[in-house]
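The values are calculated or read from the model by the stated rules, or taken from the named source; none is laboratory data. Predicted model only: the values in this text are computed from it and were never measured. Virtual Cβ from ideal backbone geometry, glycine too; neighbours counted across all protein chains shown. Ligands, DNA and RNA are excluded from the accessible area calculation, which covers all protein heavy atoms including side chains. Shrake-Rupley method; radii C 1.70, N 1.55, O 1.52, S 1.80 Å.
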Amino acid sequence: LYVRFRAAAEPQLKGLLRELHTRGQQRPEYQRLLEECQALYCAARQQLVSPFLQQRLSHELAGLALLPLTRAGCEQLLRVCQLEWQLLEQFFPPPPPPVQPTRGAGTSRVSAVPSVAAADAWAGLTEP
């Protein structure tokens with residue numbers, strides 16, 4: 001599920017998607033194209049992962065009591081989510097940090113400094 005997609009991400013496709021991301025910051029048609037690529041990527045991954053995950057959860061966890069079943073199911077889902085996030089990062093650049101409004105003396109300015117919460121959330125999502 002992961003080897004072929006990782007191989008496809010390097011180097012040409014990844015470079016193309018980064019270029020779309022860069023150009024999309026200035027031109028909306030490139031941004032729309034990048035969003036369409038992301039939607040197609042997610043649809044393809046869902047088609048591949050869903051049957052695998054359903055089979056794994058139904059066969060390997062069958063017969064477990066409720067608490068071990070819940071724990072094992074959550075562990076499986078968490079692991080798949082981590083692997084999918086890492087794979088997604090292979091293709092698409094990370095999202096830009098949120099822009100935080102700052103209030104000055106009678107003027108409204110926008111700061112590009114990410115909040116601590118946003119930085120912590122991104123760090124938590126990218127760590128293996």
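Scanning segment 55-73 for residues that are under 29 Å from Ala9 (Cβ atoms) and open to solvent by 80 Å² or more (accessible area, probe 1.4 Å) yields Gln55, Glu60.
Quick grid of which residues meet (1) at pLDDT 90 or above; (2) open to solvent by 80 Å² or more (accessible area, probe 1.4 Å); (3) out of contact with any helix residue (DSSP H, G or I) (no Cβ under 9 Å at 6 or more places or on another chain):
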{"residue": "Pro11", "(1), (2), (3)": "no, yes, yes"}
{"residue": "Arg27", "(1), (2), (3)": "yes, yes, yes"}
{"residue": "Leu40", "(1), (2), (3)": "yes, yes, yes"}
{"residue": "Ala43", "(1), (2), (3)": "yes, no, yes"}
{"residue": "Gln46", "(1), (2), (3)": "yes, yes, yes"}
{"residue": "Val49", "(1), (2), (3)": "yes, no, no"}
{"residue": "Val99", "(1), (2), (3)": "no, yes, yes"}
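Inside segment 31-65, residues that are free of Cβ contacts under 8 Å to residues at least 24 places away in the same chain and of a type in the set (Val, Ile, Thr) make up a count of 0. Ala8 meets the conditions (1) assigned to a helix (DSSP H, G or I); (2) within 22 Å of Leu77 (Cα to Cα); (3) of a type outside the set (Ser, Thr, Tyr) in every case but one. The failed one is (2).
Within segment 77-89, identify whether any single residue is under 30 Å from Gln12 (Cβ atoms), out of contact with any Gly (no Cβ under 8 Å at 6 or more places or on another chain), of a type in the set (S, T, N, Q) and open to solvent by less than 50 Å² (accessible area, probe 1.4 Å), and answer yes or no. For segment 77-89, residues under 30 Å from Gln12 (Cβ atoms), out of contact with any Gly (no Cβ under 8 Å at 6 or more places or on another chain), of a type in the set (S, T, N, Q) and open to solvent by less than 50 Å² (accessible area, probe 1.4 Å): present. Does any residue in segment 13-24 that is over 16 Å from Pro94 (Cβ atoms) and part of a helix (DSSP H, G or I) come within less than 9 Å, Cβ to Cβ, of a residue that is among the acidic types (Asp, Glu) and open to solvent by 50 Å² or more (accessible area, probe 1.4 Å) six or more places away or on a different chain, and which pairs are these? Every condition considered, the pairs that remain are Arg23/Glu29.
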